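First the structure, in the form of structure tokens, and then the observations on it.
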Amino acid sequence: MEDRPTQDLDLVDSILRGNTAAFGTIVERYQRLVGSVAWRYGVPASDLEDAVSEVFLKVYLNLHRYRPDH
């Protein structure tokens, strides 16, 4: 069984090859973590959903710039 970082890299590769549905797996996997970090940084509970959505939108739009070797 592959470890999670390897699975994530495979998902990123799949997304970059056109499988946009694979991004949903990334979101499902990390949305709670992103929400928790946002909460700890002081994002009000009423704004958490929007903040998490903005984070994932930025990730998606900039995924082509991701370099796993850095």
Legend entry - Paramagnetic reach from Asp3 (point 7 Å along Cα→Cβ, amide N under 19 Å) across the stretch 17-33: 30
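Taking a probe of 1.4 Å, how large is the accessible area per residue of the chain, in Å²? Could you put the intermediate results ahead of the total?
Values: 5520 Å² over 70 residues.
Spelled out: the 1.4 Å probe surface of the chain, per residue, equals 79 Å².
What is the percent carbon and sulfur in the accessible area of the chain, measuring with a 1.4 Å probe over the protein chains and ignoring ligands? Can you show the working numbers first?
Values: 2990 of 5520 Å².
After summing per-atom areas, the C and S share lands at 54 percent.
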Legend entry - Dipole moment magnitude, nearest 20 debye, the chain about Cα centre, only Lys, Arg, Asp, Glu C-beta charged: 140
Inset, instruction - Calculate how steeply helix 22-40 sits against the longest principal axis of the alpha-carbon atoms of the chain, using the helix alpha-carbon long axis, and give the answer as 0 to 90 degrees to the nearest 10. - result: 30
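If you keep only loop residues by DSSP, which trypsin sites (Lys or Arg not before Pro) in the chain have at most 12 other Cβ atoms within 10 Å of their Cβ?
Values: sites: Arg17, Arg29, Arg32, Arg40, Lys58, Arg65; in loops: Arg17.
Passing sites in the chain are Arg17.
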Legend entry - Virtual paramagnetic centre 7 Å along Cα→Cβ of Val27, amide N under 13 Å, in the stretch 41-70: 49-61
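Restricting to Cα pairs below 8 Å that are 6+ residues apart, what does the relative contact order work out to for the chain? Please round to a whole percent.
It rounds to 27 percent for the chain.
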Inset, instruction - Compute the convex hull volume of the Cα atoms of the chain, divide it by the residue count, and report the result per residue in Å³ as a whole number. - result: 107
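The values are calculated or read from the model by the stated rules, or taken from the named source; none is laboratory data. Just so it is clear, the model here is predicted, and its values are computed rather than measured. Quick reminder, even Gly has a Cβ in these numbers, built from the backbone with ideal geometry, and neighbours come from all protein chains shown. Heavy atoms of the whole protein, side chains included, go into the accessibility calculation; ligands, DNA and RNA do not. Shrake-Rupley method; radii C 1.70, N 1.55, O 1.52, S 1.80 Å.
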